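Inspection log for the structure reproduced underneath, given as C-alpha cells.
The values are calculated or read from the model by the stated rules, or taken from the named source; none is laboratory data. This one's a predicted model, so the numbers in the text were calculated from it and none came from an experiment. Cβ sites come from the backbone with ideal geometry, for glycine too, and all protein chains shown count toward neighbours.
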Amino acid sequence: TQSTRPQRLLGAVKKNATRGDPRSVVKAIDQFCRQKEWAMNVGDEKGCILDSVVSELNPATVLELGTYCGYSTVRIASMLPPHAKLITLEFNPDYAAVARQVIAWAGLEDKVQLVEGASGDLIPKMSEQFEVETFDLVFLDHWKDRYLPDTKLMEECGLLKKGSVLLADNVICPGTPEYLEYVRASPRYESQYFRSHLEYTKVEDGLEKSVFLG
Ligand SMILES: Cc1ncnc2c1ncn2[C@@H]1O[C@H](/C=C/CNC(=O)c2cc(-c3ccc(F)cc3)cc(O)c2O)C[C@H]1O
Ligand SMILES: [Mg+2]
C-alpha cells in the first residue's frame, strides 16, 4: 500500500535525525519539507518566532491545538523547563501515530501528552481529566475556523489566566479573519503580529501573539 506524506516525513526523521536530539529532528523535517515534499509544519522561519515566545515566557503548562506530525510539539517541548508539561490535541489517528513516533525519536515523551480527539470535546475536560488549571501558553495551529470558537471555549472553561499567551499560526495564510478581528478588538487581549512567511515559501504569513489580560 502507498505510504502517506506523514509516514514519509517520519521516515526522513528516522533516517537523518539522531535519537534523543530534538534539534536534529526539527532539522530533518525542515530539510524533508524543503527538498522533498512541502508539509504544513510551522517551519523554520516562523519556528524561530515560536522559539523566542516560548523562551521569553518559560511556560509551565502549554496546550497545542493540532499536533499534525509533531514538528512544533518537538520545538516547544525541547525548550520547556524540567517539570513543565505540553498537552497536544490531534483528532486524526494516523497523524497522531506519526507524531507519537516523532516525539519519541526526539526523546521528549516525558514532557508531552498527546491526546487524540477534537479540541471542542477535550477543552472542557482539561481541568478534571488532565489536572490542568490554566495554560501559560496555547499554540493554535489546527483548522483555522476552530481558532475563535476554541478561544471562546477556553475562556468559558477558565483555562486562561492573566498573562496567558495565545500564539496563532497562519493568521494571514490560509488566514483566520474572525479570530484576528476578535483578539485585536477585544479589551481582554493585548495582540501583536509577527510578520513572517508561509513555511518553506516566500508567501506572506505570520503569527499573532495575544496576551490574555484577565
Ligand atoms: C478541531 C480539531 N481538534 C483536533 N485536531 C484538529 C482539529 N482540527 C484540525 N486538527 C488537526 O490539526 C491538523 C490540522 C491543521 C490545519 N492546518 C492547516 O490547514 C494549515 C494549512 C497551511 C496551508 C497554507 C497554504 C496552502 F496553500 C496550503 C496549506 C499552512 C499551515 O501552516 C497550516 O497549519 C491536522 C488535523 O487533524
Ligand atoms: Mg500552521
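Restricted to helices (runs of 4 or more DSSP H) entirely inside the stretch 9-79, those with at least 2 residues that are surrounded by fewer than 23 Cβ atoms within 10 Å (Cβ to Cβ) and either modelled with pLDDT of 95 or more or aromatic (Phe, Trp, Tyr) (or both) are 22-35, 43-57. Against the test of being on the phi < 0 side of the Ramachandran plot, under 18 Å from the mean Cα position of the chain (by Cα) and more than 16 Å from ligand 2 (Cβ to nearest atom), the options Ile49, Ile87 yield a single qualifying residue, Ile87. Go through the stretch 108-147 residue by residue and tally those that are assigned to a loop (DSSP other than H, G, I, E, B) and within 24 Å of Thr4 (Cβ to Cβ). Looking only at that region, the number is 6. Scanning the stretch 27-43 for residues that are within 15 Å of ligand 2 (Cβ to nearest atom) and either of a type in the set (S, T, N, Q) or more than 17 Å from Val171 (Cα to Cα) (or both) yields a total of 6. Taking the stretch 193-214 as the range and being of a type in the set (Ser, Thr, Tyr) and farther than 21 Å from Lys27 by Cβ as the test, the residues that pass are Tyr193, Ser210.
In the stretch 169-195, the residues that are within 22 Å of Tyr68 (Cβ to Cβ) and more than 16 Å from ligand 1 (Cβ to nearest atom) never reach a residue that is part of a strand (DSSP E or B) and of a type in the set (Ser, Thr, Tyr) with C-beta atoms less than 7 angstrom apart, at least six apart or across chains.
Scanning the stretch 118-134 for residues that are closer than 24 Å to Leu57 by Cα and within 15 Å of ligand 1 (Cβ to nearest atom) yields Ser119, Ile123, Met126, Phe130. A search for C-beta distances below 6 Å between a residue of the stretch 98-121 that is closer than 12 Å to Glu64 by Cβ and any residue that is charged (D, E, K, R) and surrounded by 16 or more Cβ atoms within 10 Å (Cβ to Cβ), counting only pairs 6+ apart in sequence or on different chains, returns Leu114/Arg100; Ser119/Asp150. If the condition is being within 17 Å of the chain's Cα centre (by Cα) and away from ligand 1 (no atom under 16 Å from the Cβ), then the stretch 135-161 contributes Asp136, Leu137, Leu160.
Take the stretch 129-181 and flag every residue that is within 16 Å of ligand 2 (Cβ to nearest atom), among the small types (Gly, Ala, Ser) and surrounded by fewer than 15 Cβ atoms within 10 Å (Cβ to Cβ). Gly175 - this is the single residue of the stretch 129-181 that is within 16 Å of ligand 2 (Cβ to nearest atom), among the small types (Gly, Ala, Ser) and surrounded by fewer than 15 Cβ atoms within 10 Å (Cβ to Cβ).
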